[in-house]
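Asks: Below: one structure in structure tokens.
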């Protein structure tokens, strides 16, 4: 965030990243200084790092590196809803963010999702989304100007290196014929948007 919000390069840059960092052109920071109307952040979990270990697949945590007492999902990601309020507060306290903030991506990937009698019962996804929404509301109550929240994603999609094996969607997509089925989470999220009431059980 330093180049955008502080108009300066990051204070530290790990050697493994230096080889991929772009060359800064003379006018880049002047361009970055143009005002923005809002800031969007993609938040899925926290990443706990140390000087000894580097996990190139940072969105998952190998068994041997998991934190004692951590709540880990079936996909290896830690379930830590506080990451969204932590990110919001960090932006406000460390970077002086005063413009509106949007959570532009937040979602749960399921690699073992199945249909039972024509339905997908994804209670874990509902609990995940409800937890993060609750934290976003908590941050807003603490004075962070969070204006919106976007679920990733509406439909199961082709997901980078995971291809079709990681299903993020509220709506299941059959990759053979593109047929679509509402998951329990889609019905839950529809009610949430219609009633503006956050519930935790389906």
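Asks: Does residue 175 count as assigned by TED's automatic domain parsing to the domain that holds residue 118 and without any contact (Cβ under 8 Å) to a residue 40 or more places away in the chain?
Replies: Judged against the criteria, residue 175 is a match.
Asks: Residues of region 113-142 being free of Cβ contacts under 8 Å to residues at least 24 places away in the same chain, out of contact with any strand residue (DSSP E or B) (no Cβ under 7 Å at 6 or more places or on another chain) and under 26 Å from residue 89 (Cβ atoms), which ones?
Replies: Correct list: 141 only.
Asks: Look at residue 150 and say whether it is out of contact with any helix residue (DSSP H, G or I) (no Cβ under 9 Å at 6 or more places or on another chain), surrounded by fewer than 16 Cβ atoms within 10 Å (Cβ to Cβ) and more than 21 Å from residue 38 (Cβ to Cβ).
Replies: So residue 150 fails the test.
Asks: What is the number of the single condition among (1) touching a helix residue (DSSP H, G or I) at 6+ places or on another chain (Cβ under 8 Å); (2) modelled with pLDDT of 95 or more that residue 102 does not meet?
Replies: (1)
Asks: Follow-up question, since we're still on this one. Out of region 153-163, which residues are at pLDDT 90 or above and surrounded by 12 or more Cβ atoms within 10 Å (Cβ to Cβ)?
Replies: 153, 154, 155, 156, 157
Asks: Take residue 127 and decide whether it is within 23 Å of residue 160 (Cβ to Cβ), at pLDDT below 95 and within 16 Å of the chain's Cα centre (by Cα).
Replies: Judged against the criteria, residue 127 is not a match.
Asks: Looking at the structure I just gave you, is residue 135 surrounded by 15 or more Cβ atoms within 10 Å (Cβ to Cβ) and in a helix (DSSP H, G or I)?
Replies: Considered against the rule, which asks whether it is surrounded by 15 or more Cβ atoms within 10 Å (Cβ to Cβ) and in a helix (DSSP H, G or I), residue 135 comes out as yes.
Asks: In region 86-112, what residues are part of a loop (DSSP other than H, G, I, E, B), out of contact with any strand residue (DSSP E or B) (no Cβ under 8 Å at 6 or more places or on another chain) and loosely packed, with under 12 Cβ neighbours inside 10 Å?
Replies: Correct list: 96, 98, 112.
The values are calculated or read from the model by the stated rules, or taken from the named source; none is laboratory data. Everything quoted here is computed from the prediction, not taken from an experiment. As a convention, Cβ positions derive from the backbone with ideal geometry for all residues, glycine included, and neighbour counts pool all protein chains shown.
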